[in-house]
1. Tell me the per residue accessible area of the range 283-331 using a 1.4 Å probe; a whole number in Å² is fine.
2. If each DSSP helix of 4+ residues adds -39,500 (n - 2.57) and the sum is divided by the residues in the chain, what number results at 222 nm, nearest 500 deg cm²/dmol?
3. Determine the sum of side-chain charges near residue 465: Lys and Arg each +1, Asp and Glu each -1, restricted to other residues whose C-beta is under 10 angstrom from that of residue 465.
4. Of all the accessible heavy-atom surface of the range 181-264, with the other protein chains kept in place and a 1.4 Å probe, what percent is carbon and sulfur?
5. Can you list the residues, at least 5 places off or on another chain, whose amide H is less than 5 Å from the amide H of residue 206, using H built in the peptide plane?
6. Please report the accessible area of residue 123 (heavy atoms, 1.4 Å probe, ligands and nucleic acids excluded) in Å², nearest 10.
7. Protein chains only, probe 1.4 Å: how do 462, 270 rank by accessible area, largest first?
8. Could you tell me the distance between the Cα centroids of the range 266-304 and the range 371-397, to the nearest Å?
Amino acid sequence: MAISTNHVTSLSKPCISSFTTLKVLSKPNNYFHLGRSEFKRSSISCNVTAEASTLTINAKENDFKTLQRPNSVGRFGKFGGKYVPETLIPALTELEAAFHAITVDQDFQKELEGILKDYVGRESPLYFAERLTEHYRRPNGEGPHIYLKREDLNHTGSHKINNAIGQVLLAKRLGKKRIIAETGAGQHGVATATVCARFGLECIVYMGAQDMERQALNVFRMKLLGAEVRGVHAGTATLKDATSEAIRDWVTNVDSTHYILGSVAGPHPYPMMVREFHAIIGKETRRQALEKWGGKPDVLVACVGGGSNAMGLFHEFVDDFDVKLVGVEAAGHGLDSDKHAATLTKGEVGVLHGAMSFLLQDDDGQIIEPHSISAGLDYPGVGPEHSFLKERGRAEYHSATDDEALEAFKRVSRLEGIIPALETSHALAYLEKLCPSLPDKTKVVLSCSGRGDKDVHTAIKYLQV
């Protein structure tokens, strides 16, 4: 089977090194970035794994359930992989082996379960949003039922703690004493600083200088918890640039350091590993839905930047084809502007931060700087499994603008007494378009991924209350 390098379907391990030599280190602000033009210009010979022959564009239930997500080389279809320097290959291999070991280690699982229960406060409630449901009731009395999966009630105020706890326990198993992380909105940084304080580990968090300004509260929280917060001034000084700096640190200090990557992005095994640590969100949702109404949700809705909270909710239901999966990206100033972060809506395939996925890029394959009022969605890439779900037609992805998110931020605060994160507000905003088309009593579960205390400083500038 012959393939061109601008449509790489699946790579065997020998191809990993070849890709990392192509301008990977030549772009200081786009570390591990290969744009579409670089695929077109290159002439790399790659092997295709058996999974490639089963690829189709539309999600067919029987075929879909037979596919590994990811396969043995870290691919979700053609997405994912390990586009990294050889320096990191041993660390990633060790990490993958350790992760597979702890999945069947009953002592590890018991420790993790205990900390999630007693320290994080799981399980998080599945809350019936009665007044929000009433808001979407039609004149004939019909309308969907809206439920919020309350990840905002977790310790530290978001879903991010699930993954941080899992990875820090894994780092301890590996004997790593130094922890690094990247953060945008600051929630992953706070979660990482929290678990490092809990377990007595050195913690360094990379954060874009622009994000530090608009998330000053979380910067203080991280420092209070004992973390060193390193501001990143390169590029747009946002999440992409913070991630690049964290990866540089890891390359330099790989022997002593574990990188707690905060989303379902990056090189394999991170997309798989972060998904699994967040999969508790969907597992609880299935059980709670059965208890509350005796069935499954009909529609799942979540905001998508890198996509960790969405994948945590979706993963449990990916093989349930009667459950609709809806991701909501940041449309910024509008999809027709150059100020948005709607990667799955407007992006094209390329490589960033070690994985192949959809990216915002220009005709020369250079990253287009994203924009969102939400620091956590202000990223030009997305997790490779989301790209796979989009391409296969299993999930659909829409967007909400800054203004729509702000209105939802205010609406839910006043209707439910819940101040949502601006990231979550994008998903809540999409309900305005989704709910009018849904049949009566459709059960909608929306991931309330974080609380909005951190965003009040930003909202003050835009909202009249």
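The values are calculated or read from the model by the stated rules, or taken from the named source; none is laboratory data. Note that the structure is a prediction, hence the values are computed from the model and not measured. Cβ sites come from the backbone with ideal geometry, for glycine too, and all protein chains shown count toward neighbours. Each accessible area value is taken on the protein alone, full model and side chains, heavy atoms only, with ligands, DNA and RNA left out. Shrake-Rupley method; radii C 1.70, N 1.55, O 1.52, S 1.80 Å.
1. For the range 283-331, the per-residue accessible area is 29 Å².
2. Calculated from helices alone, the mean residue ellipticity at 222 nm is -11000 deg cm²/dmol.
3. Taking every other residue near residue 465 into account, the sum is +2.
4. Using a 1.4 Å probe with all protein chains present, the range 181-264 comes out at 53 percent carbon and sulfur.
5. Residues meeting the criterion, in which the H sits 1.01 Å from N, are 181, 182, 183, 230.
6. 80
7. Sorted descending by solvent-accessible area, the residues read 462, 270.
8. 16
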